[in-house]
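The values are calculated or read from the model by the stated rules, or taken from the named source; none is laboratory data. These numbers come from a predicted model, not from an experiment. So basically every Cβ, Gly included, is an ideal-geometry build from the backbone, and we count neighbours across all protein chains shown. Protein only, heavy atoms only, side chains kept; ligands, DNA and RNA dropped before computing areas. Shrake-Rupley method; radii C 1.70, N 1.55, O 1.52, S 1.80 Å.
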Amino acid sequence: MRQYLDLMQRALDHGAEQMDRTGTGTRSVFGHQMRFDLSEGFPVLTTKKLHLRSIIVELLWFLRGDTNVQWLHDRKVSIWDEWADENGDLGPVYGKQWRDWATADGGHVDQIAELIETLKVNPASRRMVVSAWNPGELHAMALAPCHCLFQCYVANGKLSLQLYQRSADIFLGVPFNIASYALLTHMLAQQVGLEVGEFVWTGGDCHLYSNHLEQAREQLGRETGRLPKLEILRKPASIDAYEYEDFQLVGYEAQAHIKAPVAV
Ligand SMILES: Nc1nc(=O)c2c([nH]1)NC[C@@H]1CN(c3ccc(C(=O)N[C@@H](CCC(=O)O)C(=O)O)cc3)CN21
Ligand SMILES: O=c1ccn([C@H]2C[C@H](O)[C@@H](COP(=O)(O)O)O2)c(=O)[nH]1
């Protein structure tokens, strides 16, 4: 994951110091792109052990259209707790927008179902876009979507996906976001009978929080390792039928976890 360490180094060396919404302070750069050829391995950090269960369970939770943390809690995932209200609700965040976008005329759009249908019947389409950025509902969300829009592209029997992430917590969020969308690309490809192509990550405000600088330097001092392979153990009947146990990362060898506080 040299690409990731390069982004971290860039923010450390050239980032502008700025105060941010959380009151923590960041070093940020604007506009960055990383490309991952998914046929070469699964893009998960080897310079710091990642908690894959949280990543997989969170993606399945988005795909359920769920926006309450209870289902995450039942699976021992707590990464959204800080933002939930007393009932566990986050408002109309990713799951709602992906699966049940409310239209002005009272209708609903299941963007994921429409994406899969288009991948099957018209893979050359240039409109295979899923957006979580719903300006009319931002006020009701616990946090405005960070990974706010993605697009699919098919060529030579391979499915590629590009994400636009408007705001990127380089140390904590980005490793989760890369692995999550790489996983989604594998799932979509399996559902529509394509091979995986590239995952392209594009970031807007890419920042290192001021209380992550030491951890970033420690990680930059480590050697990168070989990427593992993702195996999906069966082909579920639909995008809605995947379970945590369906995924296996073969050969994931990572260096020790590095703790960092999350900015709320
Ligand atoms: N400041 C900030 N950074 C984020 O990455 C972030 C938010 N806020 N708010 C919403 C979601 C929640 N996400 C999070 C929240 C916490 C961790 C975190 O603490 N990760 C730990 C392990 C925690 C675990 O898996 O249980 C880590 O070391 O990676 C990661 C992503 C990503 N998002
Ligand atoms: O998936 C995610 C979700 C959140 N983040 C980070 C990016 C920022 O550090 C905060 C959000 O704060 P804003 O003021 O709304 O930009 O959370 C992430 O990296 N990945």
note = Magnitude of the Cβ-charge dipole (Lys and Arg +1, Asp and Glu -1) of the chain about the Cα centre, nearest 20 debye, reported as 720
task = Using a 1.4 angstrom probe on the protein heavy atoms only, line up Asp85, Asp105 by accessible area, largest first.
result = Asp105, Asp85
ask   = For region 2-250, what number results from the quotient of the Cα radius of gyration and 2.2 N^0.38 Å?
value = 1.00
query = Where does each of Lys76, Lys49 land when they are ordered by accessible area, with a 1.4 Å probe and the largest first?
reply = Lys76, Lys49
request  = Using a 1.4 angstrom probe on heavy atoms only, work out the carbon and sulfur share of the accessible area of region 113-219 in %.
outcome  = 50
request  = Excluding residues on the same chain fewer than 8 positions from Lys120, give the aspartates and glutamates whose Cα lies under 20 Å from its Cα.
outcome  = Asp110, Glu195, Glu198, Asp240
key: Accessible area per residue, Å², the chain with all protein chains present, probe 1.4 Å   = 47
Ranked order, Tyr252, Tyr164, Tyr181 - accessible area, probe 1.4 Å, largest first = Tyr164, Tyr252, Tyr181
ask   = What figure in square angstrom, to the nearest 10, would you give for the accessible area of Glu231 with a 1.4 Å probe?
value = 90
ask   = Of Val154, Gly95, Leu60, whose Cα points farthest to the positive end of the dipole of the chain (charges on the beta-carbon: +1 Lys, Arg; -1 Asp, Glu; origin at the Cα centre)?
value = Val154
query = Taking only the alpha carbons of region 130-231, what extent do you get along each of the three principal axes, in Å, biggest first?
reply = 44, 44, 19
task = Please calculate the 1.4 Å probe accessible area of Trp101, with all protein chains present, and give it to the nearest 10 Å².
result = 60
query = Using +1 on the beta carbon of Lys and Arg, -1 on that of Asp and Glu, and nothing else charged, what's the dipole of region 68-167 about the Cα centre, debye to 20?
reply = 680
query = So what does Val77 come to for accessible area, using a 1.4 Å probe and Å² rounded to 10?
reply = 0
